[in-house]
Amino acid sequence: MKIYNHILNTIEEKGAAYLILLDPDKLPENKIAGFVKHCEKSGVDGFLVGGSLMVNGDFDSFIEKVKINSTLPAIIFPGSINQVSSVADAILFISVVSGRNPEHLIGKHVLAALSIKKSGIEPISTGYILIESGSTTTAVYMSGSLPIPRNKPEIAAATALASEYLGMKMIYLEAGSGADQPVPNEIVRTVAEQCSVPIIVGGGIKDAKTAREKVKNGASIIVTGNFFENENNWNMIKEFASSIHYKLPVEV
């Protein structure tokens, strides 16, 4: 529970946490050190590491380089059962609860469970909810499941609440990598109103203002990834972090 509790403490202290997704297929080896050091200096709270395909590089080696160059948690965001590494601090044990594909609800988890236990890393059970984003994203295609329509917040909220009742420690609202549109504020707000566990929001967040909007509507954790694959955008990371670290005014 070490990393999960660290996330909860970060949310309590800063209002919301900021994680950056590192895809080993997208971040060249010679850029890892510079990027993660820059992220840490800019106020990022941790890294998610993973990719949908992982056709290049060595997963363990990639995480090792992240860990060597940063003190921030490295949490696996698995795209397959092969993405398990004892080098990481934790792994999101994701169930795609928005879909009805049994392989991504429980099937792959059975295959990965013993490897995760053997690795000694901390599993964090996460209900993963795909939200329609205006295009077919990699997450939708690879999971073989339909996303929840973006105009149906009540379905997203009921799905998230069911996930919490099943014991999920976090809910991940995902528009998808490189999504045309982020998760709608109404969906974030409706889910947050119904759930008591942290709400992660990712996909299609391309500016600090949008990130702040998600936090104001109840997001506990913001994830960006695709946007910062462009090195020209690195100087905006601090602005994102400042916008995300926002505590809602206390009602009196």
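Every number in this text was worked out from the coordinates using simple rules, so none of it is lab data. The shown structure was predicted, so the numbers you read here are calculated from the model rather than taken from an experiment. Cβ placement follows ideal geometry from the backbone for every residue including glycine, while neighbour counts extend to all protein chains displayed.
Data table
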read-out: Test for residue 87: is it of a type in the set (A, V, I, L, M) and surrounded by 23 or more Cβ atoms within 10 Å (Cβ to Cβ); value: no
read-out: The stretch 120-157: number of residues that are part of a helix (DSSP H, G or I) and surrounded by fewer than 17 Cβ atoms within 10 Å (Cβ to Cβ); value: 5
read-out: Checking residue 85 against (1) closer than 30 Å to residue 185 by Cα; (2) among the hydroxyl-bearing types (Ser, Thr, Tyr); (3) in contact with a Ser or Thr (Cβ under 8 Å, 6 or more places away or on another chain), the condition it does not meet; value: (1)
read-out: Residue list for the stretch 190-211, restricted to those being in contact with a Phe, Trp or Tyr (Cβ under 6 Å, 6 or more places away or on another chain) and closer than 14 Å to residue 241 by Cβ; value: 208, 211
read-out: Test: residue in the stretch 98-107 that is buried (at least 18 other Cβ atoms within 10 Å of the Cβ) and in contact with a Leu (Cβ under 7 Å, 6 or more places away or on another chain); value: yes
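Every residue, every condition in (1) basic (Lys, Arg); (2) in a loop (DSSP other than H, G, I, E, B), yes or no:
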residue	(1), (2)
21	no, no
26	yes, yes
37	yes, no
54	no, yes
60	no, no
64	no, no
75	no, no
80	no, yes
